[in-house]
Amino acid sequence: MAEAGTGFLEQLKSCIVWSWTYLWTLWFFIMLFLVYILRVPLKINDNLTTVSMFLNTLTPKFYVALTGTSSLISGLILVSTRYINITLQIDFVTQNGISDFIQINSCLFFSLNLHYCKCKVWRNPLNLFRGAEYNRYTWVTGREPLTYYDMNLSAQDHQTFFTCDTDHLRPADAIMQKAWRERNPQARISAAHEALELNECATAYILLAEEEATTIVEAEKLFKQALKAGEGCYRRSQQLQHHGAQYEAQHRRDTNVLVYIKRRLAMCARKLGRTREAVKMMRDLMKEFPLLSMFNIHENLLEALLELQAYADVQAVLAKYDDISLPKSATICYTAALLKARAVSDKFSPEAASRRGLSTAEMNAVEAIHRAVEFNPHVPKYLLEMKSLILPPEHILKRGDSEAIAYAFFHLQHWKRVEGALNLLHCTWEGTFRMIPYPLEKGHLFYPYPICTETADRELLPSFHEVSVYPKKELPFFILFTAGLCSFTAMLALLTHQFPELMGVFAKAFLSTLFAPLNFVMEKVESILPSSLWHQLTRI
């Protein structure tokens with residue numbers, strides 16, 4: 001593969017050298033033509049008159065032929081340059097055969113990812129606490145980190161998870177059912193306190209822990225009270241779940257409440273530095289409720305395990321959830337890339353890799369990075385600190401900027417902890433876009449990049465944040481220069497054909513201005529050098 005990549009580069013170099021040789025040869029003949037016209041013993045002014053007369057006597061056929069020839073040459077250069085940039089322009093990774101390796105396997109991956117993913121908004125599994133984190137940010141900066149659209153989605157989630165049709169039979173639950181619909185935060189908090197005066201209501205404690213508690217410690221205390229109340233409701237509804245549809249709906253609601261409380265308690269333990277305790281709580285929760293994948297608890301577990309640097313446990317979790325049949329996420333893809341990069345990043349060097357080629361482990365790491373970048377191309381800019389981070393929203397759009405922010409906010413420290421991982425990411429992530437020339441129409445390892453992500457992210461992210469869009473390929477300067485030169489030549493030919501006299505005057509004035517410094521230098525040289533020597537030089 002390395003030999004093939006080297007031969008490929010040699011063809012590229014020869015093509016570039018041939019193109020520049022052709023251009024310089026063309027320029028040399030043009031200069032010879034000008035020297036022939038402006039040859040001595042004629043003076044410069046006489047030469048300008050000769051040139052203007054020559055231009056005035058040209059027929060329209062000449063300009064048509066000139067335009068056609070220049071357009072043909074420009075078109076050939078444009079096509080060849082575009083071919084070089086798309087097909088032959090490869091980084092040191094693809095020089096060593098990684099693109100061939102990926103293309104061989106892409107048919108399998110792409111055929112198993114034929115389902116098209118619409119812009120569905122997901123609950124952020126690592127969402128922050130409103131009272132203890134989002135509100136504190138507002139108090140310090142005066143900015144609102146959450147949008148109305150994001151908070152409205154959260155209100156809908158709360159109504160779905162924490163309410164059921166039988167809530168009107170219990171006064172406290174009936175109050176909370178109305179509280180989740182309230183837009184005013186103070187009205188929601190007041191309703192929660194009112195519900196607690198009637199009964200030990202788990203959902204009331206949840207609301208107070210989320211919105212009224214100003215520290216994580218306070219939130220944890222309220223969630224522990226909610227856990228005590230929620231476990232009692234869960235046990236009672238579990239015994240009656242088969243007695244009818246209403247009891248089954250109530251049991252499903254109580255299950256959601258209990259899972260939510262335990263997950264938030266684990267997150268509190270993680271934020272307070274009790275990471276091992278948090279890992280144990282998450283593992284127990286996943287064993288107790290294995291079918292409730294809607295909360296994506298495994299992503300919380302992955303982040304906690306990375307904090308403990310338990311990379312073998314992280315790999316075990318990925319082996320279970322990084323399956324082709326399961327939905328992907330930035331956490332899954334980039335964590336897999338981090339683990340593979342960890343094996344080679346400490347000794348990785350772009351210069352050494354370009355000389356000796358990539359090893360098998362390095363190829364696997366680069367392939368994993370390309371896979372992750374294709375899934376979400378916005379993450380590398382945050383990991384490499386090319387773009388500033390903000391607080392993640394409560395909802396994310398997979399493959400969008402909101403998901404990239406949510407991932408980088410919690411996982412940037414884990415990438416920094418692995419020596420050389422960010423360097424390897426910096427050297428390889430842009431190579432992904434060369435493998436996907438039209439990402440909105442055809443993907444490589446995943447389905448095509450959704451068009452609607454930018455619009456949805458603008459609704460989820462605050463207005464002071466500049467939303468990241470899919471990186472667009474910029475045309476090389478040589479292509480733009482060639483296109484401009486072709487257009488300029490065609491315009492000059494058309495103007496000269498329509499207004500020959502005016503263009504002749506313009507050409508004479510332009511050439512007079514252009515050759516004025518040369519005329520001045522020639523006169524100085526004639527006055528300094530002996531006439532015989534100057535005559536011999538001009539003859540040569």
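Listed values for segment 185-195 are Karplus-derived 3J(HN,Hα) couplings in whole Hz (6.51 cos²θ - 1.76 cosθ + 1.60, θ = phi - 60°), namely x, 5, 5, 5, 5, 5, 5, 5, 5, 5, 5, and x replaces Gly and Pro.
Both numbers refer to the Cα atoms of segment 216-304; Rg and Dmax are 13.8, 44 Å. At an R0 of 35 angstrom, the distance between the Cβ atoms of His497 and Leu518 translates into a FRET efficiency of 0.75. The figure for Val344 is an accessible area of roughly 20 square angstrom, using a 1.4 Å probe on the protein chains alone.
Over all other residues within a Cβ to Cβ distance under 13 Å of Thr275, the charged ones net out to +2, with Lys and Arg as +1 and Asp and Glu as -1.
Ranking His193, His158, His370 from most to least accessible surface, computed with a 1.4 Å probe over the protein chains only, gives His193, His158, His370. Cross-link check: pairs Lys262/Lys398; Lys280/Lys398; Lys340/Lys387; Lys228/Lys262; Lys120/Lys398; Lys271/Lys320 evaluated at a Cα-Cα cut-off of 19 Å; pairs beyond the cut-off: Lys262/Lys398; Lys280/Lys398; Lys340/Lys387; Lys271/Lys320. The phi-based Karplus calculation (6.51 cos²θ - 1.76 cosθ + 1.60; θ = phi - 60°) puts the 3J(HN,Hα) values of segment 304-312 at 5, 5, 5, 5, 7, 6, 8, 5, 5 Hz, whole numbers, x for Gly and Pro. Ordering Ala336, Ser468, Leu391 by Cα displacement along the dipole of segment 321-474 toward the positive end leaves Ala336 in first place; charges were set at the Cβ atoms of Lys, Arg (+1) and Asp, Glu (-1). Backbone amide hydrogens, once placed in the peptide plane, bring His395 within less than 5 Å of Asn124, excluding anything fewer than 5 places away on its chain.
Whole-Hz Karplus values for segment 399-410 come out as 6, x, 5, 5, 5, 4, 5, 4, 5, 5, 4, 9 Hz, taken residue by residue from phi with 6.51 cos²θ - 1.76 cosθ + 1.60 and θ = phi - 60°; glycine and proline positions read x.
The values are calculated or read from the model by the stated rules, or taken from the named source; none is laboratory data. The shown structure was predicted, so the numbers you read here are calculated from the model rather than taken from an experiment. Here the Cβ is made from the backbone with ideal geometry for all residues, glycine too, and neighbour counts use every protein chain on show. In case anyone asks, the SASA skips ligands and DNA or RNA and just uses the protein heavy atoms, side chains included. Shrake-Rupley method; radii C 1.70, N 1.55, O 1.52, S 1.80 Å.
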